[in-house]
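Since every read-out is calculated from the coordinates, none of them should be taken as a lab result. Because the structure is a prediction, the values reported are computed rather than measured. Cβ coordinates were reconstructed from backbone atoms using ideal geometry, including for glycine residues, and neighbour counts include every protein chain displayed.
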Protein chains: 2
Amino acid sequence: MATLVELGQRAKLAAAQLMTAPTGQKNKALAAIAESLLANTAAILKANALDVEAARRAGSKEAFIERLTLTESRVKAISAGIREIIQLEDPVGKIEGGSTRPNGLKIVKVRVPLGVLGIIYESRPNVTADAAALCLKSGNAVILRGGPEALNSNICLIGLMREALEQNGLNKDCCILLEDTSLETAREMMRLNDYIDVLIPRGGAGLIKAVIENATVPCIETGLGNCHIFIDKSADLAQAVSITDNAKNSRPSVCNALETLLVHRGIAEAFLPKVKPALDAFKVELRGCHLTMEILGPGVLPASDEDYFTEFNDYILAVKVVGGLDEAIAHIRHYSSKHSEGIVTGDYAAAEKFVNNVDAAAVYVNASTRFTDGGEFGMGAEIGISTQKLHTRGPMGLQELTSNKYIVYGNGQIRV
Amino acid sequence: MATLVELGQRAKLAAAQLMTAPTGQKNKALAAIAESLLANTAAILKANALDVEAARRAGSKEAFIERLTLTESRVKAISAGIREIIQLEDPVGKIEGGSTRPNGLKIVKVRVPLGVLGIIYESRPNVTADAAALCLKSGNAVILRGGPEALNSNICLIGLMREALEQNGLNKDCCILLEDTSLETAREMMRLNDYIDVLIPRGGAGLIKAVIENATVPCIETGLGNCHIFIDKSADLAQAVSITDNAKNSRPSVCNALETLLVHRGIAEAFLPKVKPALDAFKVELRGCHLTMEILGPGVLPASDEDYFTEFNDYILAVKVVGGLDEAIAHIRHYSSKHSEGIVTGDYAAAEKFVNNVDAAAVYVNASTRFTDGGEFGMGAEIGISTQKLHTRGPMGLQELTSNKYIVYGNGQIRV
C-alpha cells in the first residue's frame, strides 16, 4: 500500500493539473460519475452490505447503522446530487476585483482552488461521493478519510469515481481514499502540511475536537450547533410556537436544530404553556430554569449550567426565562457555539439590536434556525457549515472551497 | 498579574462592544492615539532606551538592535501610519451580497470583525502600534505578545493607546499587551480557543513554525517568501537585469525579495554575464547549477538542493538554468513557498501559461516581486502577507481582518 506521503505527492500533482481544467471537462467527468454510480448500484449495495453486516455483528446502534446503510433510492439521490453540482457555477477563475496602480501595474484578484483538501468524516458513505464531487467541481484534489466501518462502501464508490475521472482525461488521483483507516494514519494526515492545504472535519463534536487538537494543517471547524431562539415580549405567539416546534422537532439530530429556548419574562406565562403541547407531541424532554419549572409545573427537569452549553442533537430542550433582550444576548454570547441564533419579535428595534449584537454564522428574525444550509441559502450543495471566523462562516459551497491569487501584469516596473 | 484566561475574558467582552462601534468613534480614538504617541515621544524613547541598553548588554546583533530601536523620526512614522489608517475604508458592516429566497426569506451577507485577534511577533516595537491600530479600525480586540526584548517599549506604547481608547469611550481592553513574555504563556495563548478567534504570527521562519506546530486557535501563516523569477528566452535583457537587480538588491531581508533566479537555457549565455555586474555591485553571493558555473566561471558556488528551498533574506542568490518554461514551472511548484513568483518574457503565451500554472499569492509578468505589499497593492497598511490558502492569500489589509455573518429576515418561515 502507498504511504501517506506518496498519496500526498500524487494528490498534489493531480491538484496542479486540475487547477487549470476547464469547467466543461470537470462537468463531463461529474456527469460520467453520476451515471456510473447509477449503473453500478448493485455493486455499491453489495459492498455496503458487507459494511452493514459487520456493523450489526459488532452490535452498533440502530442510528449508526441507519446512517451507514445505502439503498437503491439513496444511491439515486447521491447520483442526482452530483448532477445538481454540474449545474452550479464554477468559482475558479472568477475575477473578484483589482486595480491599475499609479505605476501602471495591473493587479487582478482571481479565485483559485484551495489545492489539496483533506476531509475526515464518519461512516456515512453519501458524504464520500458528495464531498468528492464538490471538490472536483471547485478544482481541488481531495484525500478522503472516512470512518473504518464504511470502508467497503467507500472503496467501491471512490473506485467508480476514479475510473470516471480517468475516462474523462483527468488524473484519477484528484480523488484519493485513505484505505488505511487507523487512528495513527489519521493523525499523520492532520499534520501533512507539505501536501494538504486545508482540512475539513465533518462529524460529531468528538471528531471535530480531535482534529482541532491534533492538526497543523489549516482547518475549518464545522457543524457544532448550540442554537438558541429568543421569544421576545412582543412576539406573535402562534408564530413563536410554530418556529420553536420546527426548529426543535423537524430534525433534532442536525446542527441547525434548536437546543436552548430563551423566553422573555413578560411573555413566559402566556407562551410556555402554549408551546408545551407542540413539544410534548415529540416527547421533548424539557430542562428548565426555576421560572420555567414554576410555570410549566412537574415534568420539567432542572437545567444545569452544563445543559446550556450542550448540543443535545436529540428531543431535549433547555429552557430559560430571561429578563429581556440584553440578558438573552448575554446568554447567547456566553453559551453559544455561534452557529444559528434567532429572535421572534414584533419589535423592530429589538430585531435590529439582536442581529447587530449576536455574533453567529446566521442570525434570524422570525424564522426557524433550520434554514442554515447551503441548499436553503441558494448555494447549492454544501461541504459543511463553518462555525469558525477564519476563511468563512456559515454554509460552505463551491465558492468557499477556493482561495485567491493576485496576477500582476507589468512592463518592467521596479519598486523604488 | 491577571491570568491569560482573565485577559482573554476581558478581550472577548471588549470585542463584543467594539463589534458595533461606529466608524467615527474608532477613527476618533485612532486620531487620539496618533496624537498621544507624538506628544509622548520622549517617554516612548526613554522606555525604548531601556530595551536597547539591555539588548546591547546581552550582546545582541546589530541588525536586531536596529529593528528594536525607536527614534524620533520612527515615532513620527508610526503616528503618521496610524493617521493613514483613519483614511482607510472601514470594512465592518459592508453588505457583500444576499438574496431573497423563494420562501420570502431575505438573506444578507455582512462583514463582521473576526473578534479577538492574537498577534505573536518579535522585537519590533513599531509592529505593536501598527497591529493594534489595524485591529482597532477593523473592529477587533487584540492580544499582543511581542518579543521580551521590547517589553518596556511595548508597555509604554500600549499604555498610551489604552488611555486614548478609554478617553474616547471605548473599552481599553480592546488592546491588551501580554506582559508575561514567557514561552510557556505564549504556548498557552496559542491554545486559548475560547477567547481568541484568530492567531497571526509575524516574524521569522522559526517563530511561524512554532506557532503552526503548537496552535489550536486558527492561524494565518504569514511572510515566508522563497520567491523566484524566471527569465524566459524572449525576455528583454535590460528589463530582466533591472527586475532581477531590484528584486534581489533593493531590500534582501524582506519576504518579497528574490531568492532563486531561473534562466532559460536559450538566453543564459547572453543574460547571466549581463546581470552579474548588478549583483556584484551588492556583493551578492551566487550559488548556481552546473551550467551557471560554466557560464559565469569561478566565483559561483555550487547550489545544493537545500539552497533552492532556502529563503536567504540576505545578499545570496540561487541560480538555475532550466530547459524552458515547463521546467521553470515545475521547479517553482517543488521549491516555492507560494509567496511571489515572476516571469520576464516577451512571449504572450508564455506569460499566460506562467500566471495560470504557477500557484502563489502573487504572480508577476515583467515586474519586480518586491511589489507584494499592502501599500503597493493599494490596500493601505497591511498586517502581514498570507502564504496559506485558507482565509486569504497575499497582503492582508483591513478587509482581510474580517469575517462574515448572515442576517436572515423572515416573517414566520419554517423549514418543510
Quiz item: Nearest 0.05, what FRET efficiency do B:GLN167 and B:GLU6 give at R0 = 30 Å with Cβ-Cβ as r?
Solution: 0.80
Exercise. For the stretch A:386-393, take each phi angle, set θ = phi - 60°, evaluate the Karplus expression 6.51 cos²θ - 1.76 cosθ + 1.60, and give the result in whole Hz per residue in order, putting x for glycine and proline.
Key: 6, 10, 9, 8, 5, 6, 6, 10
Quiz item: Over chain B, what is the mean sequence separation of C-alpha contacts under 8 Å (at least six apart), divided by residue count, expressed as relative contact order in percent?
Solution: 18
Self-check item: Out-of-range pairs (alpha-carbon distance over 27 Å; input A:LYS248/A:LYS353; B:LYS46/B:LYS283; B:LYS26/B:LYS209; B:LYS209/B:LYS338; A:LYS320/B:LYS12)
Solution: B:LYS46/B:LYS283; B:LYS26/B:LYS209
Self-check item: GNM result for chain B, Cα springs below 10 Å: residue of B:PRO252, B:PRO302, B:PRO91 fluctuating most strongly
Solution: B:PRO302
Exercise. Considering only DSSP beta bridges where both residues belong to the stretch B:92-148, give the percentage that are antiparallel (nearest 5).
Key: 50
Self-check item: Overall form of the protein assembly as shown per C-alpha gyration tensor (a/c, 1.5; a/b vs b/c)
Solution: oblate
Exercise. Mind jotting down the distance between the C-alpha centroids of the stretch A:318-354 and the stretch A:156-206, whole Å?
Key: 40
Quiz item: Where both partners of a DSSP beta bridge lie in the protein assembly as shown, what percent of those bridges are antiparallel, to the nearest 5?
Solution: 30
Self-check item: Exam field: B:GLU294 pseudo-label spacings to other copies (7 Å along Cα-Cβ), nanometres
Solution: 9.3
Exercise. Give the residues of the stretch B:44-88 whose amide nitrogen is closer than 15 Å to a point set 7 Å from the Cα of B:SER253 in the direction of its Cβ.
Key: B:60-71, B:74
Quiz item: So what is the relative contact order for the stretch B:199-350, in percent, with contacts set as C-alpha pairs under 8 Å and at least six apart?
Solution: 33
Quiz item: With each run of n ≥ 4 DSSP H residues scored as -39500 (n - 2.57), what mean residue ellipticity at 222 nm is computed for chain A after dividing by its residue count and rounding to the nearest 500 deg cm²/dmol?
Solution: -13500 deg cm²/dmol
Self-check item: Inter-copy label distances at A:GLU327 (7 Å, Cα→Cβ; nm, one decimal)
Solution: 7.6
Quiz prompt | B:LEU114 long-range amide H proximity, modeled H, under 5 Å | solution = B:SER403
Practice problem: Would you work out the relative contact order for the stretch A:81-195, in percent, from Cα pairs under 8 angstrom that are 6 or more residues apart? | Solution: 22
Self-check item: Paramagnetic label zone (point 7 Å from Cα along Cα-to-C-beta, B:ASP305; backbone N under 18 Å) in the stretch B:330-367
Solution: B:330-337
Quiz item: Among chain B residues, which Cβ is nearest the axis of the B-onto-A rotation, and at how many Å?
Solution: B:HIS391, 2
Exercise. Run through the other copies and list how far each one's label point is from that of A:GLU166, in nm with one decimal, shortest first; the point sits 7 Å from Cα along Cα-Cβ.
Key: 7.0
Exercise. Please label the shape of the stretch A:80-233 as rounded, prolate or oblate, based on the square roots a ≥ b ≥ c of the eigenvalues of the alpha-carbon gyration tensor (a/c under 1.5 means rounded; beyond that, a/b larger than b/c means prolate, else oblate).
Key: oblate
Quiz item: Per residue and in cubic angstrom, what volume does the convex hull of the Cα atoms of the stretch A:306-416 have?
Solution: 200
Quiz prompt | Rounded if a/c under 1.5, otherwise prolate or oblate - the stretch A:228-360, Cα gyration tensor axes | solution = rounded
Quiz item: Please state the Cα pair-distance histogram of chain A with 20 angstrom bins from zero: what percent is in each bin?
Solution: 25, 49, 25, 2, 0
Self-check item: Of all DSSP beta bridges in the stretch B:62-205, antiparallel share, percent nearest 5
Solution: 30
